[in-house]
1. Only residues that are near ligand 1 (Cβ under 9 Å from one of its atoms) and either in a helix (DSSP H, G or I) or farther than 22 Å from Arg42 by Cβ (or both): list them for the stretch 114-124, please.
2. Are there any pairs with C-beta distances below 9 angstrom linking a residue in the stretch 137-165 that is more than 17 Å from Ser17 (Cα to Cα) and in contact (Cβ under 8 Å) with a residue 60 or more places away in the chain to a residue that is within 13 Å of ligand 2 (Cβ to nearest atom) and among the β-branched types (Val, Ile, Thr), with the two at least 6 apart or on different chains, and if so which?
3. Determine if the stretch 96-107 includes at least one residue that is away from ligand 1 (no atom under 16 Å from the Cβ), touching a residue at least 60 places away in the same chain (Cβ under 8 Å) and exposed (fewer than 14 other Cβ atoms within 10 Å of the Cβ).
4. Considering the stretch 129-161 alone, what residues qualify as being within 15 Å of ligand 2 (Cβ to nearest atom) and small (Gly, Ala, Ser)?
5. Among the strands (runs of 3 or more DSSP E) contained in the stretch 1-113, which hold 1 or more residues that are within 8 Å of ligand 2 (Cβ to nearest atom)?
6. Is there a residue in the stretch 191-205 that is at pLDDT 90 or above and either open to solvent by 20 Å² or more (accessible area, probe 1.4 Å) or within 22 Å of Glu99 (Cα to Cα) (or both)?
7. Across the stretch 40-53, what is the number of residues that are buried (at least 20 other Cβ atoms within 10 Å of the Cβ) and touching a residue at least 40 places away in the same chain (Cβ under 8 Å)?
8. Filter the stretch 17-39 down to residues that are open to solvent by 10 Å² or more (accessible area, probe 1.4 Å) and more than 21 Å from Leu101 (Cα to Cα) and give me whichever is farthest from ligand 1 (Cβ to nearest atom).
Amino acid sequence: MVLPRVIRAVIMGPPGSGKGTVSGRITKTFGLKHISSGDILRANINAQTELGLLMKSCIDQGQLVPDDVMSRLILNDLRAIDGTSWLLDGFPRTVSQAEALDDVYTLNTVVNLNVPFQTIKQRLTSRWTHLPSGRVYNTDFNPPKVPGFDDETGEPLFQRDDDRPETVTRRLKSYETQTEPVLEYYRSKELSPFSHILNTGIFPSALVSIIPE
Ligand SMILES: Nc1nc2c(ncn2[C@@H]2O[C@H](COP(=O)(O)OP(=O)(O)O)[C@@H](O)[C@H]2O)c(=O)[nH]1
Ligand SMILES: Nc1ncnc2c1ncn2[C@@H]1O[C@H](COP(=O)(O)OP(=O)(O)O)[C@@H](O)[C@H]1O
């Protein structure tokens with residue numbers, strides 16, 4: 001199998017579908033850089049940057065950050081690692097963001113995680129996050145070794161403000177109206193989410209087995 005010189009991949013799926021979890025496994029296995037838009041925003045909130053302070057209420061209410069802000073943020077980060085293979089997690093989330101990305105980069109792969117909304121609601125109420133690294137745990141699925149603390153650093157874990165049930169409902173609605181059209185956009189460009197991986201063999205087939213049912 002011939003791997004492309006530089007892998008430019010996107011992982012998609014509703015909030016709580018496992019993008020962060022699966023990204024961690026993919027990037028470890030294949031040596032890609034993991035760029036998570038949510039982790040970048042939360043790091044800004046935590047560091048109380050101007051951007052973080054401006055975007056906090058929007059994120060806490062389950063709304064999307066404006067497209068121009070988000071595209072500028074991610075494209076800047078990508079420019080800084082030019083020539084490196086990467087996996088984008090959480091971006092693009094709208095067709096406008098997908099177009100902004102397309103103007104600069106040609107993607108090799110789009111992975112889509114398809115998980116029923118009812119399952120998502122259960123997962124998010126038991127998600128615990130290590131904010132500095134973005135590592136996620138679940139009290140049922142992958143609990144930390146010591147309840148409430150990160151396995152690698154021993155630091156405390158947090159429940160995200162936007163994982164409250166009413167905010168999750170709003171985020172799922174925004175996924176349906178604003179993000180699902182991005183899947184159609186990629187299908188129309190023959191970057192068919194999922195089947196593209198199986199057809200091109202960009203990643204070994206072992207990848208398929210780590211993607212949740
Ligand atoms: N039961 C189950 N839980 C999972 C699976 N993948 C991730 N999770 C948990 O579901 C929650 C959401 O996963 P996360 O990776 O943060 O999803 P994201 O919001 O799409 O990035 C976390 O608590 C994970 O530990 C899975 O395959 N099965
Ligand atoms: N590409 C994006 N465009 C607009 N807002 C975003 C984007 N990525 C993240 N956000 C904001 O950050 C929040 C958390 O994102 P993320 O951590 O990716 O959530 P999840 O992993 O649960 O899908 C989103 O609900 C949204 O408010």
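1. If we filter the stretch 114-124 for residues that are near ligand 1 (Cβ under 9 Å from one of its atoms), which is where we start, we get 115, 119-120, 122-124.
Correct list: Thr119, Ile120, Gln122, Arg123, Leu124.
2. Once the first residue is more than 17 Å from Ser17 (Cα to Cα) and in contact (Cβ under 8 Å) with a residue 60 or more places away in the chain and sits in the stretch 137-165, its partners that are within 13 Å of ligand 2 (Cβ to nearest atom) and among the β-branched types (Val, Ile, Thr) give Asp161/Ile59; Asp161/Thr167.
3. Within the stretch 96-107 (the criterion being away from ligand 1 (no atom under 16 Å from the Cβ), touching a residue at least 60 places away in the same chain (Cβ under 8 Å) and exposed (fewer than 14 other Cβ atoms within 10 Å of the Cβ)), the answer is yes, since at least one residue qualifies.
4. Scanning the stretch 129-161 gives Ser133, Gly134.
5. Counting at least 1 such residues, we get 33-36, 86-89.
6. Checked against the condition, which is being at pLDDT 90 or above and either open to solvent by 20 Å² or more (accessible area, probe 1.4 Å) or within 22 Å of Glu99 (Cα to Cα) (or both), the stretch 191-205 yields no hits at all.
7. 1
8. Restricting to residues being open to solvent by 10 Å² or more (accessible area, probe 1.4 Å) and more than 21 Å from Leu101 (Cα to Cα), the top hit is Gly31.
The values are calculated or read from the model by the stated rules, or taken from the named source; none is laboratory data. These numbers come from a predicted model, not from an experiment. With ideal geometry, Cβ positions are generated from the backbone for all residues, glycine too; neighbour counts draw on all protein chains shown. Surface areas here come from the heavy atoms of the whole protein model, side chains and all, with no ligands, DNA or RNA. Shrake-Rupley method; radii C 1.70, N 1.55, O 1.52, S 1.80 Å.
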